1. Please specify each residue of the stretch B:32-48 satisfying the condition of being assigned to a helix (DSSP H, G or I) and at the interface with chain A (Cβ under 10 Å from one of its Cβ atoms).
2. Scan B:Val161, B:Val200 and give me the residue that is over 20 Å from the mean Cα position of the chain (by Cα) and β-branched (Val, Ile, Thr).
3. What are the pairs, 6+ residues apart or on separate chains, where a residue within the stretch B:7-22 that is more than 12 Å from chain A (Cβ to nearest Cβ) and within 18 Å of A:Leu133 (Cβ to Cβ) has its Cβ under 9 Å from a residue that is at pLDDT below 90 and surrounded by 16 or more Cβ atoms within 10 Å (Cβ to Cβ)?
4. Taking B:Ile36 as meeting all but one of (1) of a type in the set (A, V, I, L, M, F, W, C); (2) surrounded by 23 or more Cβ atoms within 10 Å (Cβ to Cβ); (3) closer than 23 Å to B:Leu119 by Cβ, write down the number of the exception.
5. For the list (1) among the hydrophobic types (A, V, I, L, M, F, W, C); (2) within 14 Å of chain A (Cβ to nearest Cβ); (3) buried (at least 18 other Cβ atoms within 10 Å of the Cβ), I need the number of the one condition that B:Phe58 fails.
6. Of the numbered conditions (1) surrounded by fewer than 14 Cβ atoms within 10 Å (Cβ to Cβ); (2) closer than 25 Å to B:Gly23 by Cα; (3) of a type in the set (A, V, I, L, M, F, W, C), A:Phe4 fails exactly one; give the number of that condition.
7. Return the pair list, or none, for Cβ contacts closer than 6 Å from residues in the stretch B:184-206 that are within 14 Å of chain A (Cβ to nearest Cβ) to residues that are buried (at least 23 other Cβ atoms within 10 Å of the Cβ) and hydroxyl-bearing (Ser, Thr, Tyr), at least 6 apart or on different chains.
Amino acid sequence: MTGFYVRWFGVFILSMVFVFLVDQRYTHTLKTIPLKTVRIQSGSHGSVRIMGMVKSGSLHGNLEEGRAAFELVDGAEAVRILYNGLPPENLRELKTVVMIGRWDSEARVFRAHEMGLVPHFGFVASAYVVAFLPIMVVIFFMSRKVMLLFQEIKQSKLYEPEAPSHVDKG
Amino acid sequence: MQRFKGWFGGGAVLCLMAGGYTGLLTSPPDYYQGEIVRIMYVHVPLAHTALFSYSVLFGGSLWYLWKHEPFIDNMCHAAAGISALFTLLALITGSIWAKPTWNTWWTWDPRLVSFAVLLLILGGYLMLRTFLIDDPEKEGRYAAVVAIIGFIDLPIVHFSVEWWRTLHQPQSISTRGVAISDDLLLPLMLMSIGFTLLFVYMLIIRTQLLYLTSLLHAKKGRLLSHVHLSQAGS
């Protein structure tokens, strides 16, 4: 049984390494910061991601040329955005979007150069957990049960051959 | 098959790790779906494996009705349980994908309904095997008939997106060609192969488990009958 638990410990360690890598990727490339802290964090970390809804009636500019100005709101917080980048196909009023850029403290606007969709990473993570965890648990308990059954059959000497039946060979 | 169990298990782990790595870490997000597309790398392979495992159950049931081999009956019983697990997980992961994409956890779409019916068929099959019949011979025969009748649902699941107007997108990989880019195709294929190997690995273990359980019951029953006979004799 020791080898069995060692193998499963290996699988557990591999899974934890994988979870760590995914968490690192999420933190570095997808995590957004709250709108109320953008003025503080943007200066120290360079380019940041902020998420909010495009305020109704605030969207102006030439979207086909990739220039837009609007207000991004999240609850009571609002930040003025100046977008200058690729023509954004998904930019509409009342749509929740992610803007990537940095805070300009002199002009007091957020200068965005890229736009992203809402990551919904919680859904992605939960789908992977739902997909793998039950399967791993089922395999673990099935394999363990098989080993225990083998042991039970050996120890209780149930594996002994049956007594020969009395069949006339004549 | 027993000898290759480790190869199937090892191959599954390798493919799933590679698929998970490319799917979650290196493949780009989809232009319209964004990060949510990564759910496809588990949902679609789970659904494929669920259908594949039911096909194994169907083939095994036909074989059992023809040859009446107890080993095949055990394998069918094992395949049904695993198929039910994969079907349930495919439905749940699909539901998790649907919430941010369609803004609902569930809709009465033909693909979703026919897939849920598959889960009900498998539930019925397992209930029949667990609760209803005491005679193993009869149990195996009735269960095989249920599995063969239930197979009608598989083409309905497969073609539902073409026969009816559905929310569910049509097949991305079919005889007409591949409709997704290589960046998205690679993790999808790796995960599909990984889950298929995992199914075979689970099938071997569960068949072994059912065989050992029945062997233990039979041996115990025989020993007990010996004890009763010897007590009656003395």
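1. Hits for the stretch B:32-48 are B:Glu35, B:Ile36, B:Val37, B:Arg38, B:Ile39, B:Met40, B:Tyr41, B:Val42, B:His43, B:Pro45, B:Leu46.
2. Within the list B:Val161, B:Val200, the selection yields B:Val161.
3. none
4. Checking B:Ile36 against (1) of a type in the set (A, V, I, L, M, F, W, C); (2) surrounded by 23 or more Cβ atoms within 10 Å (Cβ to Cβ); (3) closer than 23 Å to B:Leu119 by Cβ, the one that fails is (3).
5. (2)
6. Going through the list (1) surrounded by fewer than 14 Cβ atoms within 10 Å (Cβ to Cβ); (2) closer than 25 Å to B:Gly23 by Cα; (3) of a type in the set (A, V, I, L, M, F, W, C), A:Phe4 breaks only (2).
7. B:Pro187/B:Tyr41; B:Leu188/B:Tyr41; B:Met191/B:Tyr41; B:Phe195/B:Thr49; B:Thr196/B:Thr49; B:Phe199/B:Thr49; B:Phe199/B:Ser53
Table: residues versus (1) more than 12 Å from chain B (Cβ to nearest Cβ); (2) within 25 Å of A:Phe121 (Cβ to Cβ); (3) surrounded by 15 or more Cβ atoms within 10 Å (Cβ to Cβ); (4) not polar (S, T, N, Q).
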site	(1), (2), (3), (4)
A:Leu14	no, yes, no, yes
A:Val22	no, yes, yes, yes
A:His28	no, yes, no, yes
A:Lys36	yes, yes, no, yes
A:Gly46	yes, yes, no, yes
A:Met53	yes, yes, yes, yes
A:Glu65	yes, no, no, yes
A:Glu71	yes, no, yes, yes
A:Glu77	yes, yes, no, yes
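The values are calculated or read from the model by the stated rules, or taken from the named source; none is laboratory data. Note that the structure is a prediction, hence the values are computed from the model and not measured. Ideal geometry is used to build each Cβ from the backbone, glycine not excepted, and the neighbour counts take in all protein chains shown.
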